[in-house]
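Reading through the C-alpha cells given below for one structure.
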Amino acid sequence: MSTLKLDNISYHYEKNSAEVLDNLSMDFESGKIYTIVGKSGAGKTTLLSVLSSLARPTDGKIFLNEEDVAKIDRYKFRSKYVGVIFQNFNLLTHLTALENVVLSMDISGKKFDRPKKEIAAELLEKVGLSPDEAKRRVLKLSGGQQQRVAIARALSYDPDIILADEPTGNLDGETQDEIINIFRMLADEGKCVIIVTHSPDVAKASDVQYELKKGKRV
Amino acid sequence: MYIVKNAFKSITRNKLRNILIGVIVLIISVSACVSLSIQQAAEVAKEDTLSNLSVTAQISFDRKKAMEDMQQKSTSDDSDSGSDKSFDRGKFDFDVLQGSSLTLDDYMKYTKALKNGDSYYYSGAVSLNATGDLLPYGTSEEDESDSSSSSKSSDNKSSGNSSDKNSQTPPNMPSGDSSNSNNSGGGPMGGMPFQVNQGDFTITGYSSYDAMLSMFGEDGSYKISDGEMFDETSEAYECVISNELATYNNLKVGDTIKLANPQYEKETYKLKIVGIYTNSDSSSEEDNRFKMNDPANNIYMNYNAFSKIIAASEKADNKTTDSDGNKTSAALSENLAFTYKFASVENYEKFADKVYDLGLSDDYKVSSSDLQSYENSLTPLETLSGTAMWFFFIVLAVGGIILITLNIFNLRERKYEVGVLTAIGMKKAKVAMQFVTEIFIVTFIALIIGTSVGAAVSVPVTNTLLQNQISSSQQSDSKVSKNFGFENSDNNGRPQGGPGMSGGEMNPFGKSTKAADYVDSVSSATNFMVILELVLVGLFLTIVASLAALISIMRYEPLKILSNRS
Ligand SMILES: Nc1ncnc2c1ncn2[C@@H]1O[C@H](COP(=O)(O)OP(=O)(O)OP(=O)(O)O)[C@@H](O)[C@H]1O
Ligand SMILES: [Mg+2]
C-alpha cells in the first residue's frame, strides 16, 4: 500500500528557469525508511519542500493515500501529516528547546493524552538532550543539539510522514546511530520516513535508496 | 488559545521593544485623556450653565445700524459733489439716531412670538422730585458719604435741605426753567433713547415680581426689612423705599410720601409706603452727582399703579415754558424696559426671528445680555477645548505614525519568525492574530495606565490651563479697558440704577467687568464618555499599528523567507 506517491513531478523556482525537479515519479510506503542521495544542488531539499507542501509542484501531482495533496490545506498538511527536519533546522532561536517542541504540538491542533510539556520533555530526552538543555534557548545550543531539537519537534505531534534533510549532518557517529535507531523504530510503528543524506552509513541503514542527479532519478 | 499564550510570552521576551511601544502609547493616552477631558469638561460646563441659564432678551434700537445707514445716505447724497467721504455734521440727524421708542403695546404685540414656558415682564421708570419735608437721601453736603449721619442735628439737615433744594429746583417756580440744570446734560443717562428729566427719585414700576428677581431674587442683594413688598396686581399707590431713605426722613411703613413732577412742581402724587428694603451693596461707591442714581433714592412700586401716575400726568397736560417762551409738555414720560424671558435658547432664537414677521422694524434688534455673558463666560474654556482638540488630533497622528514605523521595523526583525511559524503549519491568519494580540495587549496596558494618570491630572491641568487662558484674555481685556480710559474697572460710567434703568443699550465695555464671570474651574473632567473615547483611541492605535503587520504577514511566503535566510 502506497502512502505517498509522486506522479511526474516537475519544479522550478523562477519562471523560465531550468527545472530543479524534472519529471520525477516516486513511491513512498509506510513502515519503511527511504534515503535520497545525490550531489549538492541535485534538488534534494527542493524535493522535500515539494513533499511537505511548502512548494507546489509546477507540474505533476502528489497523492497522499490516493488523495490529491493539492486539495489538502497546506497548513493542515504541514502541521498534522508531515514532520519536517529542515536542513537549517528553522527553529525559533529565542525560544527554549522545550517551547519550540510544544509550539509545534499547539499548532498541530491535535489532542494529546498527556500534557504537551511532558511529552516534549520526554522526546527531547530520547533524542539525547538533557533536561537542562531542554530548558535553554535554542540560540545557546550547539549545532548538533539544535539538530536534535529539530528532530524532536518533527516527531512531537506524531505525523504519518517524517521528512528529514540531513538529520545527522552535525552529529557524531554514536549519536547518529541513536537517531537512526529512532527512525527505525518509527518505521516499525508504521510511519513513512524519508531522509536526505550524504552519509553512506545512513543510506545503508535504509530500506530503499533513491538517487537524484540534476533533478532526475538515477 | 495558544495564540494568546504565545502573545504574552512574546511580549515578555521582547521587553525593550514593548516598553518602547508602551511608553509611546502611554504618552498618547495621557495626552488624549487630558485633551478629551478638557473637551468633555467644556461640554459639561456648557450644558450645566445652559440648564441654569434663564435667557432674557430686550428689543432695542439698533443705533449702530442707524448710524451706518445715515452715513451711507450722506455719502450717496454727496456723490455728485466729489469723492469726499467725510461726514457732514450738519446732516447728523439725532432724531433718527434716537429712534422712536417702542410702546408697551408694541412690546406686547411681540409676545405673540413667545413659546410655551416663555414669559415677559417690564418696568417703567420715571424721575420725580421730593416735596415738603421729604428729602432725597444724600442731600446734605456734610453727610454725603456717611449713611449714619442722619442722626445728626436737625439743623444740619434743614440747612442742607434748603440750600440744596434751591440749587436744584427753586421752590414756587416751575421746574424745567433755566435753573433746572439737571435737564440739560443727560449725564450717564445720555445713552438712553429717552430724555429723562432728572429729579430726586427714580420711581420704578414693575409688571411682576419676576421683573425684580435680579434685585430681590436669590442672587440679589435687596431684602425687605420692614413691612412687605407691594401687591403685584393692585393698582393702589403703594411703594417700597430704601432703608436709608426711610431713616433719613424718619419714615415708617404706613406713612405716605408726596412726590412731584420735576418739570411741574404742582403736579404731585402720594404714595403709601408698604415696605422698606435694605440693599447690602453699599451705595457709597455710586456716582452721587445725581440723586436719582443713588440706589437709596430708588422707589419701587407695581406697574399698574405706576401707569396710573403716567396716565394722570398726561391727562393733567401741564406745560412748561422755556427761556424762548416756547411751551412744551411737562407730562411725565416713562422709560420703559421690556424683558422677554425664555425657557430655552432655542425659543429665544426663534423669537428673535419671528418678531420681524410680527412687524418689528429692521432698525431694532433683539439681544440677550444673558446669552452674551453666557457665551463670554465660556470663551476661555471653549478656546481651551478647541486647542485641546487640535492637540488631540496631532498627538494621535504623530503617535500613529511612530507606531506604524516601529511596527514595520519590528516586523522586519520578526520576518524569520513568521517564516518558521508558517513553515511548521501555523496559518498566516493565526500568526497575524498573535501579532495583533501582542500589540493590543501592550496598547491596552499602556492605555489603562495612561488613562489613570490622565484622569488624575486632568482636573488640575484643565484648571491651570483655564487660569492661564483667563488671565491672558483678561490681560487683553484690561488693556482694552485702559485704552478706553477706564482705569478703574469697577465704575466705567455705567448707570447703576435698578434694572428698570438699564433698558436699552448697556455699557458697551461691560465685558471688561465680566472677567469674574468666566467659568474658571471644572470639578470633574474624565467621565464615562472620555473613557469610551479612549477605548476607541486604543482600538484605533491597535488597528493602525497592526495594519503594517497584517499586510506584510499576508504577503510573506515561508519558502522564500526561509531560503533567503539560508
Ligand atoms: N529559493 C531558491 N530560488 C532559486 N533557486 C533555488 C532556490 N533554492 C534552491 N535553488 C536551486 O535549486 C537547485 C537545487 O537546490 P537544492 O537546495 O534542492 O539542492 P540540494 O540537493 O539540497 O543541495 P545540498 O546537498 O547542498 O543541500 C540548486 O541549483 C539551487 O541553486
Ligand atoms: Mg539541501
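Here are a few things to note about the model shown:
- Computed from the Cβ-Cβ distance with R0 of 41 Å, the FRET efficiency linking B:Thr103 to B:Ser523 stands at 0.30.
- In the range A:25-102, GluC sites (Glu not before Pro) in a DSSP loop with at most 12 other beta-carbon atoms within 10 Å: A:Glu66
- Added length on full extension, which subtracts the Cα-Cα distance from 0.36 nm per residue, B:Ala312 to B:Lys258: 17.9 nm
- Gain in span if fully extended, B:Ile445 to B:Asp363, counting 0.36 nm per residue against the direct Cα distance: 23.3 nm
- R0 of 25 Å, Cβ-Cβ distance B:Arg555-A:Ser40: FRET efficiency to nearest 0.05: 0.20
- Two-site FRET efficiency, B:Glu232 against B:Ser452, from Cβ-Cβ distance with R₀ of 56 Å, rounded to 0.05: 0.50
- Acute angle (nearest 10 degrees) that the helix A:97-108 long axis makes with the longest principal axis of chain A, alpha-carbon atoms: 50
- Annotation for A:Ile72 and B:Ile408: the two label points, set 7 Å from Cα along the Cα-Cβ direction, are 4.0 nm apart.
- Of the whole protein surface, B:Glu314 contributes about 120 Å² of accessible area at a 1.4 Å probe radius.
- For the range B:242-374: accessible area per residue (Å², 1.4 Å): 45
- Where labels lie 7 Å past Cα in the beta-carbon direction, separation of A:Tyr13 and A:Val208 in nm: 2.8
- For chain A, radius of gyration divided by Kirkwood radius, i.e. Rg to Rh on alpha-carbons: 0.96
- Flagged links, alpha-carbon separation over 32 Å, of A:Lys191/B:Lys428; A:Lys15/A:Lys110; B:Lys252/B:Lys319; A:Lys39/B:Lys560; A:Lys204/B:Lys9; A:Lys44/B:Lys415: A:Lys15/A:Lys110; B:Lys252/B:Lys319; A:Lys204/B:Lys9
- Percent of alpha-carbon pairs separated by more than 16 Å within the range A:26-102: 60
- Contact with the other protein chains removes 50 Å² or more of accessible area, compared with the isolated chain and a 1.4 Å probe, from these residues of the range A:51-97: A:Leu54, A:Tyr75, A:Arg78, A:Asn90, A:Leu92, A:His94.
- Distance between modelled label sites at B:Gln475 and A:His198, nm, 7 Å Cα→Cβ extension: 8.0
The values are calculated or read from the model by the stated rules, or taken from the named source; none is laboratory data. It should be emphasised that the depicted structure is a prediction, and the values quoted were computed from it without experimental measurement. Every residue, glycine as well, gets a Cβ built from its backbone with ideal geometry; the counts of neighbours run over all protein chains shown. In case anyone asks, the SASA skips ligands and DNA or RNA and just uses the protein heavy atoms, side chains included. Shrake-Rupley method; radii C 1.70, N 1.55, O 1.52, S 1.80 Å.
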